[in-house]
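The values are calculated or read from the model by the stated rules, or taken from the named source; none is laboratory data. Quantities reported herein were computed from a predicted structural model and do not represent experimental measurements. For neighbour counting, all protein chains shown are included, and Cβ atoms are generated from backbone atoms with ideal geometry for every residue, glycine included.
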Amino acid sequence: MTNPNKPVKAARYGMAIDIDRCTGCGACMVACAVENNVPPAHAGANDRKGITWIRVYKVDNGGDGDGRRSAFVPVLCQQCGNETPCVHVCPQQAVDVDPATGIVGQMPERCLGCRYCMAACPYHARYFNWWDPAWPAGMEKTFNPDVAPRMRGVVEKCNFCHGRWHAARQQATAEGKPDTEPVAYLPACAEACPTQAISFGDLNDEAGVTAAAARGRDSFRLLEKLDTDPKIHYISKREWVRRIADAPRPGDGKESRRG
Amino acid sequence: MANAMSDQADKELISRGLKRCSTPRFVLWMLPWVALLIFGLYAAGLCLVKGLNQTNMDNRFAFGLWIFLDLTVIALGAGAFFTGFLVYILKLRELRAVINSAVVIGLVCYSGAVAVLMVDVGQPLRAWFTFWYPNVHSMLTEVTFCITCYLTVLAIEYLPIVLKNRKLREVPAFLVFEFQLHKLTYVLAGVGTFLSFFHQGSLGGLYGVLRGRPFAFREGFFVWPSIFFLFIISAAAVGPSFILLTTCLVQKISRKRLVRVEVLRLLGRISGLMLAVYVLAKTVDTLIWINRTSPERGFPASQYYSWNPFGTWILFAEIVLFGLVPALVLLTPRLRARTGWLVAAAAMACGGVALNRFVMTVQTLALPTLSFDRFLSYAPSWQETGTFLAVVAYGVLVYSFSFRYFRLFPDERELQAAVPPTDTREADPILAGRY
Amino acid sequence: MRIPGYIPFAVGALTALAAGWAAFPHAIYQSRRQPVDFSHKVHTTTAGQKCDDCHAFRADGTFAGIPTLDKCAGCHAAPMGTTAAEKNFIDQYVTPNREPQWLAYARQPENVYFSHITHVKLGGMKCETCHGSEGDTDSLRPYQQDRISGYSRDIWGRPAAHSAFRTEGGMKMDDCVDCHRSHGLTHSCLDCHK
Amino acid sequence: MTTTRRNLFKLTGGAAVGAMLTPAPWRLITDSALWSENWPGIPRPRRGEVTFQFGNCSLCPAGCAVRARCVANQPVSLAGVAAHPLSHGALCAFGIAGHHLPYHPGRLKSGPAAEANQAVRAALGQLRGAERCAVLDLRPGRTASWTYRRAMAAIRNGVYLAPAAPIAINLAAAKTVFSLGAPLFDGWGTPGNVIAARDHFRLIQAEPVESRTAIMADLWLPIRPGSEEALALGIANLLLKEKKIAGLPAGFADRLREFPPTMAAMHSGIGEQQIAALARELQDNGPVLVLGENGSPYAAALNLILGAPGRTLVLRREAPVPDDWKKAAPVADLASVPDGSIRVLLIDESATGEALPWSAIQSKLAEKAVVVTFAWSKEGYGRQAAFTLPTAVYPESLDDIPPAVDSPAAAFRLSAAWVAPPDGVVNPADFVAGLAGLAAKDALQERAAAIRKSGRGSLFVPSSATSTPARDVKPDDFWKMLQAGATWIDDLDANAPAPKLDVPALPAGTASSAFPLVVVVTEPDTPALVSPLLSKVYQESNLRLAPESVALHPSDARACGLETGSRARLETDCGSVAVNVTVDSDVPPGVVQVAGGPGIRKICGASSRARVVRS
């Protein structure tokens, strides 16, 4: 609880993801699922019916044979800052941006599963529970108590491991720190990335590593022209990689396994 | 014996002076639709009990057949409010001949759409949250509120038609009630028009506001994107056409003259007029979108039409083939005078609006937004189709029932004497279950 | 004799009203007894303990909630008093070292994040503010569970029609929101939901 | 009074109106909505005190250090240990979900321990002549391995079989790494160590497919499938122009003559100038490390020519063992055992390691042989063995993890044992020791004591992230700290001799038409079972190839009449296995890209060829 007399210094948590460092190992995806009690895939699920709050796509320069070069791009909820597309469409306030953190939150228990927000999201970062969640017997012992399991028929998505943010704040309170300062914490994917390709931090903190990386020359954001002001910044020294930020070009119709 | 008695009881329900087919024949006609309804309800039940994994929708195709058909059906149902508007507000008396029928059609379309929406959401038990914790910025909230309210209005408008039934009139209380309701008609028509005006628009707004979907996104006036208004006009344009179609269909099936042909022509003319306005507005909007809105958001409009099968042909079909052409036909008196042309044009108009709704819903979702995702295809599962067929069956049942026991066409009695329409083609035996 | 037309209507209405207001509010809950007959009063007065002697905070700020058996066994390894309840407790739980399955009156739904330390330490709130005078009750009241939603009456006491279900210290979302509003502390749903 | 139908209607109507004015209907509506929050089937997380425990992951030989976040002492999430000298805070996708394995549906919980014991003892009683009792240890170098060797020394005709340990690699010393398709960035060695060293060497990856390693490489040479040999020999040709090298196998020179740079260029599709430039770079930009698939003679030869031994290839001392352990059976290679001579075979696959094709094992078995395998999953040799005894799985078992291939110094660390194993699991070491009447219960502790006694090396304590010289740690603390996840790392001895690198005999280069496709492995060797959550990378996205599945180029797929999702059999000269097929235009023609999984790994050795048959 914040004391109204003390102005709260609002944080703007965001990420700077170095695509050139991403080996596409998938550790972030698994760590995310572990942290957020995301169920394993139902037998009938595929890459269009699954739930992957963070998903690593394989992108290429469109070249052929020797000219072909690929890279891996982790895509999670971009935590849009400006007129967040999904927030405005939700009919019953199940989506909401926390001004104190800039995190776009999804309230599964308020969601009626109309999926309007999914249609609204240009990053396909929202996932619907098509099946009742199911785990092998006993695996519920390994649940993270800071995150509530969802039920069938609702939408869910990345919330920057909000449970960890709660825990960090609680810890700070226990240590008697003032609650007007943003707390430092690390989402599961950033913690799990073996190459430290994902840098997470408060973008308002100009001196911070993440903010600096986000300001860098090689940094870009997906579909920036849509003016959604995403808080996920990508970094690549390769020019062709930076071009993935733009609108799609008609495909070459290859039978390709994209990530 | 008992059969004869029930037959007798049944006859007593039918308004005086109206000829209707025998009870067994009526039952025979209803049976297949009942069967279809039951099948559909089973499909819908599966989706409710087992969850939406029964459908072929997925995270990328979050909306599918159902939303497309809801939008279409509601547009077609717009005839109810628009005719009401014409009759009671603009005092076009001639259209009284179809107003009752229009109300029934409207009721059927709207209640059907709402029913399907209930299946479409993942947690129907929480649907009422929208009323309790509404997000006023959401187009969907606007839609939900207006549609439910308007559905109530339609129900109230439907009531007097029911109460006029021969048997029910015997209850004096009902008579009084019906009389009171009549005083309300004008108010209801006004309210209905107002509500419909909004939700028809918001249905377009649903997609027009999707800033993340440049294909659908439109800038707008005040809070409403331009599509908002396009949807209203197109709905108003296609509403009368649909009434025209249904009326002709009923005439054909029941082999009776129900309305004067002038009424149909008038409907056609109005429809054509609105359609013309719509086509004009749509063209302007499309041009602005292609040259400004879309490019400004980093999406050259050309690429939308470079993903097969959605080539530029769809744009042409939507605006010219199923927009301009029927509009011109309906506006040309000589063509309008020919029933064949009239009906064909009306059908085309309906098709055009349906196509527009299809483009707005399905194509919007099929087109990729990220440079590294694919163009996606989607085909509804049998559960999805079944659920929709349930609505069709429900519609036919309700309409047939109303047609048999209530007076949907006030002029029918006078027209009894006159010769049936000059069409002698033998309709399909089941359809021809002469009422 | 012919009864007036409004009588059946009135009868129907009155029965429904009676059922809905008198019977339903009790029928909707099922009552369950706590495993142990525990007296807060004895502990707070005779034993002179304070709430946070047992309901303590952990180092990381999390709230331990209802103490585990070892905490109780700390004092009650052997009977301290003469009450049957205590003897019972020791025989059934302490000696066989079996955790009593307490029913937490105030356990919030899974999707709620509630930090005691934030409210107590930063907000300076008293336990009683939400939990009522639990501390000086002499026995544990039965745990009342909503038959449909499965939530405790303490946190899901008041339905749309308030008074009929009013219980001590509201712990419904409305109650939280009311208090937060009055302190100008409403940021977003994420403050309290996980 | 008379109840007419109309009165009945009125009654109901009244009741309806009345009910509307009570809380009942509204409460029922709200409650039903709330019920949807926790309707049946939604598990509730357990609450409790949050603690952090340290340990080491034993899913693969890398043995990365792990920090577990535990709720009420049950690990709920795992992470790497930053600043760890070996794993540098990295943990792979499999390791991160390792704590799910005890609950995996396919995990073995019980087995015929007593029967197996009887059968083995019976067979041992009637060993005839030279018939042997053998232990096959898939992850040698553990303390358990020593127990096996001691037991086999005590048992008549006891043999201890294990795959040959590769020479240790000092990645930090390398300035250029030339990899012939080695999955350097995909599960090779210790991931964290590779990443940490990455900035200090230039990586040249010669591989037909653009694997994860190729993507991360400074230079990717997209060679033609199966032309590693040609490329290597082409380079060797150029390198050997200047100097002569001793220790190259017989026939190498002849084979060299077959592949002058022109031929190499023709075969590999890499330009002749580029090959020359490559040779020059390897010559000038040393120290060089050449990595090939396990046991690739060409990689070894290049290493020899480029003088890798003693610089990037080092001799690693083993962690000290108690002196009274020295009376142990030697480490023997399966091939060295005469065919049909093994009467009792005990396979320890409780720790994932090399996977040998069953055909190779089978040929060594005597008739009426008793085969017992110790495993925690139904996969593996369970199908062929007479008895499959369940073992504890990570993180249930307290076992030590030998140093990984890229660790130049010896190391001693214990795997995490955070979860209590189900009753009925067997400890393989104890079982085998029991046969020899050996007491090996405290082997780990004895080993630790011996290490501490040697006074060598230093101890890294994860909780404080500090390293202290082992000799400064109190002996009993030493063991306690090891149990708490600490890692003992030997000092590098400065005057260690260069390892003797013997280049294996060259295989007869025959591209048999029976197996038209070249096998390319692009997924890390996965443990027999993985957490169900790996479906995120297999099924719910296409990031990785699922275990036991292969990818083909559209043209090849069409040729075999296969499409994405169809079932097929992958056949090599080592046997065949059922696989799922994915069609992917990123796979070059003539290549079958295979995933991990015990089945595939058993039949796909170094540079093997295969065919895919529809089933």
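Checking the conditions here, which among D:A420, D:A429, D:A335, D:A351 is within 30 Å of A:T142 (Cα to Cα), among the small types (G, A, S) and modelled with pLDDT under 90?
Only one candidate qualifies: D:A351.
Name the residue, out of B:T332, B:T361, that is out of contact with any Cys (no Cβ under 9 Å at 6 or more places or on another chain), among the β-branched types (V, I, T) and within 14 Å of chain A (Cβ to nearest Cβ).
Result: B:T361 is the single residue among B:T332, B:T361 that is out of contact with any Cys (no Cβ under 9 Å at 6 or more places or on another chain), among the β-branched types (V, I, T) and within 14 Å of chain A (Cβ to nearest Cβ).
Any residue at all in the stretch B:183-196 that's farther than 20 Å from B:I319 by Cα, buried (at least 19 other Cβ atoms within 10 Å of the Cβ) and of a type in the set (D, E, K, R)?
no
Evaluate the stretch B:365-384: report whether one residue or more is closer than 30 Å to B:L273 by Cβ, in a helix (DSSP H, G or I) and under 24 Å from the mean Cα position of the chain (by Cα).
Scanning the stretch B:365-384 turns up no residue that is closer than 30 Å to B:L273 by Cβ, in a helix (DSSP H, G or I) and under 24 Å from the mean Cα position of the chain (by Cα).
For the stretch D:196-207, check the following and say yes or no: at least one residue is closer than 30 Å to A:S70 by Cα, crowded, with 24+ Cβ neighbours inside 10 Å and touching a residue at least 24 places away in the same chain (Cβ under 8 Å).
yes
Residues are listed down the side, and each one gets a yes or a no for (1) in contact with a strand residue (DSSP E or B) (Cβ under 9 Å, 6 or more places away or on another chain); (2) at pLDDT 95 or above; (3) aromatic (F, W, Y); (4) outside the structural domain of D:R198 (by TED's automatic domain parsing):
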{"residue": "D:V66", "(1), (2), (3), (4)": "yes, yes, no, yes"}
{"residue": "D:R69", "(1), (2), (3), (4)": "yes, yes, no, yes"}
{"residue": "D:V76", "(1), (2), (3), (4)": "yes, yes, no, yes"}
{"residue": "D:A83", "(1), (2), (3), (4)": "yes, no, no, yes"}
{"residue": "D:G89", "(1), (2), (3), (4)": "yes, no, no, yes"}
{"residue": "D:H100", "(1), (2), (3), (4)": "no, yes, no, yes"}
{"residue": "D:P105", "(1), (2), (3), (4)": "no, no, no, yes"}
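Hey, which of the helices (runs of 4 or more DSSP H) in the stretch C:14-69, taking only ones fully inside, have at least 2 residues that are within 14 Å of another protein chain (Cβ to nearest Cβ) and either of a type in the set (S, T, Y) or out of contact with any strand residue (DSSP E or B) (no Cβ under 8 Å at 6 or more places or on another chain) (or both)? I'd like the intermediate steps shown before the answer.
Details: elements: C:24-27, C:40-44, C:51-54.
Here the list reads C:24-27.
Looking only at residues that are part of a helix (DSSP H, G or I) and hydroxyl-bearing (S, T, Y) in the stretch D:213-264, which one is surrounded by the most Cβ atoms within 10 Å (Cβ to Cβ)?
Looking at residues that are part of a helix (DSSP H, G or I) and hydroxyl-bearing (S, T, Y), I get D:T213.
State yes or no: is B:V320 under 25 Å from the mean Cα position of the chain (by Cα) and loosely packed, with under 15 Cβ neighbours inside 10 Å?
yes
Quick one: what pairs do we get from the stretch D:286-309, first residue free of Cβ contacts under 8 Å to residues at least 24 places away in the same chain, second outside any strand (DSSP E or B), C-beta under 8 Å, 6+ apart or different chains?
Between residues of the stretch D:286-309 that are free of Cβ contacts under 8 Å to residues at least 24 places away in the same chain and residues that are outside any strand (DSSP E or B), the close pairs are D:G307/D:G286; D:G307/D:P287.
Where residues in the stretch D:168-196 are away from every other protein chain (no Cβ under 14 Å) and assigned to a loop (DSSP other than H, G, I, E, B), which of them is nearest to D:L233 (Cα to Cα)?
Going through the qualifying residues, I end up with D:L180.
Which number in (1) free of Cβ contacts under 8 Å to residues at least 60 places away in the same chain; (2) part of a loop (DSSP other than H, G, I, E, B); (3) surrounded by fewer than 24 Cβ atoms within 10 Å (Cβ to Cβ) marks the one condition that A:T180 misses?
Unmet condition: (1).
Please go through (1) under 28 Å from A:L112 (Cα atoms); (2) more than 7 Å from every other protein chain (Cβ to nearest Cβ); (3) of a type in the set (G, A, S) for A:G153 and return the number of the only condition it doesn't satisfy.
Exception for A:G153: condition (2).
Across the stretch D:355-377, what is the number of residues that are within 17 Å of the chain's Cα centre (by Cα) and either surrounded by fewer than 22 Cβ atoms within 10 Å (Cβ to Cβ) or on the phi > 0 side of the Ramachandran plot (or both)?
2
Sort out which residues of the stretch D:199-219 are in contact with a helix residue (DSSP H, G or I) (Cβ under 9 Å, 6 or more places away or on another chain) and within 8 Å of chain A (Cβ to nearest Cβ), and write them in order of number.
D:M216
Go through the stretch A:74-95 residue by residue and tally those that are more than 9 Å from chain B (Cβ to nearest Cβ) and without any contact (Cβ under 8 Å) to a residue 60 or more places away in the chain.
0
Specify which of the listed residues (A:A31, A:A45, A:A71, A:A11) is more than 9 Å from every other protein chain (Cβ to nearest Cβ) and in contact (Cβ under 8 Å) with a residue 60 or more places away in the chain. Outline the logic, then answer.
Values: A:A31 fails: more than 9 Å from every other protein chain (Cβ to nearest Cβ); A:A45 fails: more than 9 Å from every other protein chain (Cβ to nearest Cβ); A:A71 fails: more than 9 Å from every other protein chain (Cβ to nearest Cβ).
Every option except A:A11 fails the conditions.
Are there any strands (runs of 3 or more DSSP E) wholly within the stretch D:529-610 with 1 or more residues that are away from chain A (no Cβ under 14 Å), out of contact with any Lys or Arg (no Cβ under 6 Å at 6 or more places or on another chain) and touching a residue at least 24 places away in the same chain (Cβ under 8 Å), and if so which? It would help to see each step written out before you state the result.
Details: elements: D:549-552, D:567-572, D:575-583, D:591-594.
Correct list: D:567-572, D:575-583, D:591-594.
Consider only pairs whose beta carbons are under 9 Å apart and that are at least six residues apart or on different chains; among these, list those whose first residue lies in the stretch C:180-194 and is within 7 Å of chain A (Cβ to nearest Cβ) and whose second residue is outside any loop (DSSP other than H, G, I, E, B) and charged (D, E, K, R).
Listed by first residue and then by second, the contacts come to C:L185/C:D191; C:S188/A:D96; C:C189/A:D96; C:L190/A:D96.
Restricting to the stretch D:279-296, count the residues that are outside any helix (DSSP H, G or I) and among the hydrophobic types (A, V, I, L, M, F, W, C).
4
Quick one: which helices (runs of 4 or more DSSP H) lie wholly within the stretch B:1-113 and hold at least 1 residues that are free of Cβ contacts under 8 Å to residues at least 12 places away in the same chain? Quick ask: steps written out before the conclusion?
Values: elements: B:2-13, B:23-50, B:65-76, B:79-84.
Answer list for the stretch B:1-113: B:2-13, B:23-50.
Tell me whether the stretch D:511-525 contains one or more residues that are closer than 26 Å to A:R48 by Cβ and small (G, A, S).
Checked the stretch D:511-525: no residue is closer than 26 Å to A:R48 by Cβ and small (G, A, S).
Cβ-Cβ distance below 8 Å, separation of 6 or more or different chains: which pairs start in the stretch D:102-121 with a residue that is within 14 Å of chain A (Cβ to nearest Cβ) and assigned to a helix (DSSP H, G or I) and end on one that is aliphatic (A, V, I, L, M) and surrounded by fewer than 14 Cβ atoms within 10 Å (Cβ to Cβ)?
Listed by first residue and then by second, the contacts come to D:Y103/A:A137.
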